[in-house]
Structures are given as C-alpha cells and as structure tokens.
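Here, each number is a calculation from the coordinates, and none is a lab measurement. Computed from a prediction, not measured in an experiment: that's the story for all the values here. Here the Cβ is made from the backbone with ideal geometry for all residues, glycine too, and neighbour counts use every protein chain on show.
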Amino acid sequence: MTLLEIQDVTKSFGGLKAVDSVNMSIEKGEIFGLIGPNGAGKSTLFNCIAGVYPPTSGSIFFQDQNITGQKPWDISKKRIARTFQLVKPFGSKTVLYNVMVGSFSRTKSPLRARDRALEVLEKLNLADKKNILAKNLTIADRKRLELARALATEPELLLLDEVMAGLRPMEVEEIIVIIKGIRDSGVTIFVIEHIIRAIMALSDRIAVIHFGKKFAEGTPTEVSKDEKVIKAYLGEDYVIA
C-alpha cells in the first residue's frame, strides 16, 4: 500500500529550483532512504512534505489525501512527524517536558501526555534522563530527544533529517537499532542521511537526488552499483559487496 506519493514536485526560490519535478512513492511499513550531495534539495523536499514550504508546483498525497501546501500543524494532525538537522530542544526545560510537548498534539490531558512521553523515553533509552535539562544532554542524547519528541506525536510517517550526523560509530549503531525498532512498531520511515553505510544498512529502497532532480532509485545494492550515483556522490571506493 502506498502511504506517501510525491508527484512532479518542484520548489523554486527565485530563479533557483531547489527541487525539480521529483516523483517518488513510499510504501507503508518500509524505510525509504534519500541521499545526495549537500545542497541537492533533500531537506527542501522534506520541508514541502511537512508543510514548511508550499511546493511551487506538483502534488503530495498522504494516504490518498492531497496534503499539498497544508500548514505544518495540519500535517502533524494527519500523523506525519519530522526531525530537524539542527536540534533545538527547549534547553531550560527537562527531557520529559520536551517530549510532552509532542504528546500534547494528541491529547489535552497532562496525565496522558506524561504517560505517552515516558513510554517513548523508555523505548529510546532516555527514561533515566527524564528530569535532566535538555541543554545538559550530550549530542547523542539530544538527537534521541529530537526523535522522541517526534514519536510522541504518534506518527504513521516519520521524516528523519540526518538524525545520525555528528555521532560516533557506536552511537550510530545504536540509532540504527532504534530506527529499525520504530519501523517494526508500525511506523513508516523516510530518512535523509550522509552516513552512507548507515543508510544502506537501514533502507529497503533508496532514491538519489542531485541539483534538485531524482536520477536514481532502487535497493541499496542497486543504488550502490549505479555508475551515475558512484560518479555523482558515492565515489569509486564505495561499493556494497
């Protein structure tokens, strides 16, 4: 079943086409990766899906409903959540408070919001840090807090924008396990990542964009062996065995 359908989406800023006639579809229950060089248009595409930017042209469908150009809060109500490259928690508030902010998108009850937040923190191994101020967390824990806040909104589609950036190899492995567990719980995942071995290990399918255009899509093995992708992004030294 197709969960998200992107049809000929273009986003222009003046004379620059940051996203140029992109088409792709994501099936319910899969992890779909998006890769490409810096400035390729990956985050702009996420912003169009999440309602931050309205597409200049084209359409976006979620569960067969046209959500093109809807506001971020309306997109969230439809059970689409996203994380951001630059993590900006409420630094002077506790970890629990930060996650409860996400929970309140689904309930007005402080008790239910707290219960949901604690459940998410437990899954992400942050429960023991619930009373710590967010500004005192390590980078790795701030990344998990960003993920927890998104999960607290109870999404059906989760957009992850470089959630592993800046992490040490062991921390990357921990996040990979967490993301796979989130998918196994029934959440479909659309992920942007520059740590190639991580996204290759995670994804069922991967799309590649460059200068705003999609020019390859397939399984991790297919994409890693595509000469266009190797030349434009991966480099000659990267090939999946």
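Here the gap between Lys108 and Phe13, fully extended at 0.36 nm per residue and compared with their Cα-Cα distance, gives a gain of 30.4 nm. Each residue of segment 218-231 is assigned a 3J(HN,Hα), and the resulting list reads x, 5, x, 5, 4, 5, 5, 9, 6, 4, 5, 5, 4, 5 Hz, derived from the Karplus form 6.51 cos²θ - 1.76 cosθ + 1.60 (θ = phi - 60°), x at Gly and Pro. Sequentially through segment 190-198, phi angles give Karplus couplings (6.51, -1.76, 1.60; θ = phi - 60°) of 10, 10, 9, 7, 9, 7, 4, 5, 5 Hz, Gly and Pro residues having no value and appearing as x. Rounded to two decimals, the Cα-based Rg/Rh of the chain, with Kirkwood Rh, is 0.97. Between Asp115 and Arg168, full extension at 0.36 nm per residue minus the direct alpha carbon distance yields a gain of 16.0 nm. Gain in length, Ser25 to Lys71, computed as 0.36 nm per residue apart minus the alpha-carbon separation, to one decimal in nm? Gain on stretching Ser25 to Lys71: 14.4 nm. Please identify which residues in segment 184-227 have an amide N closer than 18 Å to a label point set 7 Å out from the Cα of Ser57, following the Cα→Cβ vector. Zone members listed by number: 212-214.
What pairs from Lys71/Lys213; Lys28/Lys88; Lys88/Lys123; Lys11/Lys42 go past 23 Å between their alpha carbons?
Pairs exceeding the cut-off: Lys71/Lys213; Lys28/Lys88.
Annotation: amide H of Val19 within the under-5 Å range of Lys11, sequence separation 5 or more or interchain, hydrogens built in the peptide plane. The string of couplings for segment 80-94 from the Karplus curve (6.51, -1.76, 1.60, θ = phi - 60°) is 10, 10, 8, 9, 10, 4, 8, 7, 10, x, 6, x, 8, 10, 6 Hz, one whole number per residue in order, with x for Gly and Pro.
Restricting attention to the chain, close to 55% of DSSP beta bridges with both partner residues there are antiparallel. The trypsin sites (Lys or Arg not before Pro) of segment 1-66 meeting both criteria, a DSSP state outside H, G, I, E and B (loop) and at most 15 other C-beta atoms within 10 angstrom of the site's C-beta, are Lys28. When the chain is treated as a Gaussian network with alpha carbon springs shorter than 10 Å, the biggest mean-square fluctuation among Leu137, Leu151, Leu34 belongs to Leu137. Once backbone amide H atoms are built at 1.01 Å from N, Leu34 has Val191, Ile192, Glu193, Ala207 as its partners under 5 Å, excluding neighbours fewer than 5 places away on the same chain.
Sequence-distant contacts, meaning Cα pairs under 8 Å at least 6 residues apart, place the relative contact order of segment 86-154 at 50 percent.
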